[in-house]
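Read through the structure below, which is laid out as structure tokens, and then see the notes.
Just so it is clear, none of the values below were taken in a lab; they were calculated from the coordinates. Nothing here was measured: the structure is a model prediction, and the numbers come from that model. Here Cβ is always computed from backbone atoms with ideal geometry, including for glycine, and neighbour counts include all displayed protein chains.
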């Protein structure tokens, strides 16, 4: 990539621009942060706002290069070897400092020590690493994954693994035996005793799992509107992580629509409003590749009117680039869990997940895929690009339907309207209660100030149902103990007609 293309990119995890050489401390922070993360490039001689090449004095290039080398050598530990090159563009001089992803993290500023001098890259800034991040960097340096570490306070045989065993039998067609657990590295023998790995604890439904990993769960929510706020529905999925991806996927399917797009001959062609194969893969990746060592962070799936977002704890793995989905990329954060998920069919084929996402998006030109790293997390968004246009069309159609329904109701329910205009009765009071909140018969009676459900109230409710102003919430089970009533579109229009005529 040439420098003109490079400077059009935003600063981020792997890229930073400076007009002049930063202070020694800031430069050292950037160097160790790049080395601790995915590596990165620092360009000196480029103004950030507005983004343009300001350039450096040619006779100062060697001096600046030596200064950078000395700072890296004297202040950064373990040893980091930067690649420093000079670039000339439009007779202006730039220095490029390239830092490879380090193989011996954590890297830190030696004068501050490991706890106060370890920095990592969060977006376009350098952040002091927390203790859990430092521990994760140490594991990376030793080529150890968090899920492979042992839990010493409980024997593996005492863990509640019933749901995992049943699911494994169903999907892998194999009973979970001692040998299967051993082959999958889900326990290890230390000094003659058998201890479960963190992976096995996460796969359990045990009380210890909830104590050790209270955030190893998926929080799902369908919000009303386009921003977090009012819930239409929510669900916490906190059992064995083997089942979490499928349960979260089913939650999504319940809250997105499937409609008929067109017909192929005599056959109807149904199409979901979102690319569900791509969504399934992102949910799988969120569960499989999340960083379970991070405390206080869970997977979040948020469905809005205009988008669907999936957020997973832990930044995107350094070797994976979402902007190159066709490259067949594959990397694993949880090296013990990944083969288990492969046996369960949650991972179908190594390296094809991003390709499946890319292929599915090709038939959804109206959906934009966006991704970012908010803090120590990775978020994928499926955005409806034509949402505003759809809303305007929907409002127009809604207005037309409202007008038609008003005319219809004025003719059909003229007598009821006249009665309610003369004196507000139990009829409209009951309808208004149901309009405010979906309610059971007893709740309606209480809201009306009745000590018990009167025969008159039963008659009014039946009349409202017959007029299709209210309806059951469980229509196929009329006598269900959970039965409630909700207002219909006809009911809403009827109340609006009443309001308009009284005004």
Which order, highest average first, do 430-437, 469-476, 92-99, 172-179 follow once you tally other Cβ atoms within 10 Å for each residue and take the mean per peptide?
-> 92-99, 430-437, 469-476, 172-179
Can you put 371, 272 in order, fewest other beta carbons within 10 Å first?
-> 371, 272
In which sequence would 5, 425, 148 go, from the one with the fewest C-beta neighbours within 10 Å to the one with the most?
-> 5, 425, 148
Helix 455-466 versus the longest principal axis of the chain: what angle, 0 to 90°, nearest 10, using Cα atoms?
-> 70 degrees
Counting other beta carbons within 10 Å of each Cβ, put 332, 201, 189 in order, fewest first.
-> 189, 332, 201
Set the Förster radius R0 to 60 Å, insert the Cβ-Cβ distance between residue 58 and residue 305 as r into 1/(1 + (r/R0)^6), and round the FRET efficiency to 0.05.
-> 0.60
Rg(Cα) of region 218-385 divided by 2.2 N^0.38 Å?
-> 1.04
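Kindly provide the helix-only [θ] at 222 nm of the chain, computed as the sum of -39,500 (n - 2.57) over DSSP H runs of four or more divided by all residues, to the nearest 500 deg cm²/dmol? Could you put the intermediate results ahead of the total?
On the way: 19 runs with 203 residues, N = 503.
Dividing the helical sum by the residues of the chain leaves -12000 deg cm²/dmol.
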Residue 270 versus residue 363, label points 7 Å from Cα toward the beta carbon: distance in nm?
-> 1.4 nm
Answer label for mean projected area of the Cα convex hull in nm² (calculated), chosen among (1) 35.1; (2) 27.1; (3) 21.9 | (1)
Computed label-point distance, nm, for sites residue 115 and residue 432 using a 7 Å Cα→Cβ extension | 6.5 nm
Angle between the chain longest axis and helix 276-289 axis [Cα atoms, degrees, rounded to 10] = 50 degrees
Rounded tilt (10° steps) of 131-141 against the dominant C-alpha axis of the chain = 60 degrees
Square roots of five times the Cα gyration tensor eigenvalues for region 146-212, Å = 19, 15, 10
